[in-house]
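Following: one structure in structure tokens, then a few remarks.
The values are calculated or read from the model by the stated rules, or taken from the named source; none is laboratory data. Treat the numbers as computed from the prediction; the structure is a model and nothing was measured. As a convention, Cβ positions derive from the backbone with ideal geometry for all residues, glycine included, and neighbour counts pool all protein chains shown.
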Amino acid sequence: MKYYISKPSLPLSKFIKHYWTIENCIPNSREHIQRIVPSGLLELIFYFGDKPVSTDKNKSINENTLIAGQLREFYDIEITGKLSLFSVFFQPHGLSMFLDIPLDELYNQNVPLKFIFKNNVNELEAKLFEANSFTERVMIIEHYFLALLKKNEQEYNFERIKKSIELIKKSKGVIKIGFLASEACFSRKQFERIFSSFIGTSPKQFLKIIRFQNAINEKSKDENINLTTLAYKCGYYDQSHMINDFRKLSGMSPKQYFNQCEPYSDYFQ
């Protein structure tokens with residue numbers, strides 16, 4: 001299996017978290033089930049080999065290029081044959097600068113890129129498919145997004161939502177929505193509407209995801225931490241609160257999740 005990750009150039013770092021790629025071959029008659037959980041990030045995925053099969057009809061993978069919106073809950077994908085993909089992980093607010101639609105329209109869906117970016121998608125896919133290396137693919141996608149950025153006027157609200165995301169990350173999801181609205185100089189109703197448009201999900205759901213991702217991150221740093229301590233450290237009211245959120249977002253209790261899955265947080269890594 002080949003796995004690579006790369007940071008974006010400085011002009012795009014406000015919008016893109018990182019690029020990553022994987023090349024993997026599953027032997028004939030074998031399959032691998034991968035659980036996908038909410039990460040708080042939106043993703044653009046290019047498939048060059050066999051496409052996985054999703055257990056959720058809203059997350060169908062019938063096209064070579066998809067935008068994955070914010071997730072409400074977990075789902076599984078079944079991988080067989082040769083998996084070859086190139087992916088762009090956006091900052092929570094980053095994709096909004098390249099689209100003309102509110103990101104909550106992508107909520108809990110995988111949407112073909114051709115439905116969103118109607119121009120030059122086939123050309124972009126062809127260039128990426130023909131590229132000889134991960135580095136070359138990064139250069140191609142950076143050129144594409146820099147060109148889009150030049151065509152897009154800076155949104156007045158972008159910096160205000162960006163500041164909200166910074167506060168949420170700093171607090172690790174333990175922060176009041178009313179305080180975020182006040183800091184962004186919005187009424188709560190305005191903030192919830194604009195936040196959902198930029199991020200692709202409500203502030204309440206996003207905070208739940210970030211607390212969940214932080215619990216995974218804290219467990220990765222201290223594998224011996226007990227669940228009660230983990231719950232209070234990550235801002236849950238009690239262990240039952242953490243268990244409830246884990247079941248909703250991953251389909252497992254914290255104990256089951258950490259027994260079966262590597263504690264790796266896409267959001268905090």
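Structure notes:
- Number of positions in the range 90-135 that are surrounded by fewer than 18 Cβ atoms within 10 Å (Cβ to Cβ), among the charged types (D, E, K, R) and farther than 30 Å from GLU166 by Cβ: 5
- Of all the residues in the range 34-60, those that are within 18 Å of the chain's Cα centre (by Cα), crowded, with 19+ Cβ neighbours inside 10 Å and assigned to a loop (DSSP other than H, G, I, E, B) number 7.
- Unique match (being hydrophobic (A, V, I, L, M, F, W, C), under 19 Å from ARG72 (Cβ atoms), modelled with pLDDT under 95 and out of contact with any Lys or Arg (no Cβ under 7 Å at 6 or more places or on another chain)) among PHE246, PHE198, PHE186: PHE198
- Within the range 249-269, tally of residues that are modelled with pLDDT under 95 and among the aliphatic types (A, V, I, L, M): 0
Here's the yes/no breakdown for (1) at pLDDT 85 or above; (2) more than 19 Å from GLN91 (Cβ to Cβ):
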position: GLU125; (1), (2): yes, yes
position: PHE134; (1), (2): yes, yes
position: VAL138; (1), (2): yes, no
position: ILE141; (1), (2): yes, no
position: TYR144; (1), (2): yes, no
position: GLU155; (1), (2): no, no
position: ARG160; (1), (2): yes, no
position: LEU167; (1), (2): yes, no
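- All positions within the range 248-260 that are outside any helix (DSSP H, G or I) and either within 19 Å of THR228 (Cα to Cα) or outside the structural domain of ASP222 (by TED's automatic domain parsing) (or both): MET252, SER253
- In the set GLU73, GLU63, GLU78, only one residue is acidic (Asp, Glu), surrounded by fewer than 20 Cβ atoms within 10 Å (Cβ to Cβ) and assigned to a strand (DSSP E or B); that residue is GLU78.
Here's the yes/no breakdown for (1) buried (at least 17 other Cβ atoms within 10 Å of the Cβ); (2) without any contact (Cβ under 8 Å) to a residue 24 or more places away in the chain; (3) among the basic types (Lys, Arg):
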residue: ALA184; (1), (2), (3): yes, no, no
residue: ARG193; (1), (2), (3): no, yes, yes
residue: SER196; (1), (2), (3): yes, no, no
residue: ILE199; (1), (2), (3): yes, no, no
residue: ARG211; (1), (2), (3): yes, no, yes
residue: ASN217; (1), (2), (3): yes, no, no
residue: GLY251; (1), (2), (3): no, no, no
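- So ALA126, is it over 30 Å from LYS255 (Cβ atoms), touching a helix residue (DSSP H, G or I) at 6+ places or on another chain (Cβ under 8 Å) and small (Gly, Ala, Ser): no
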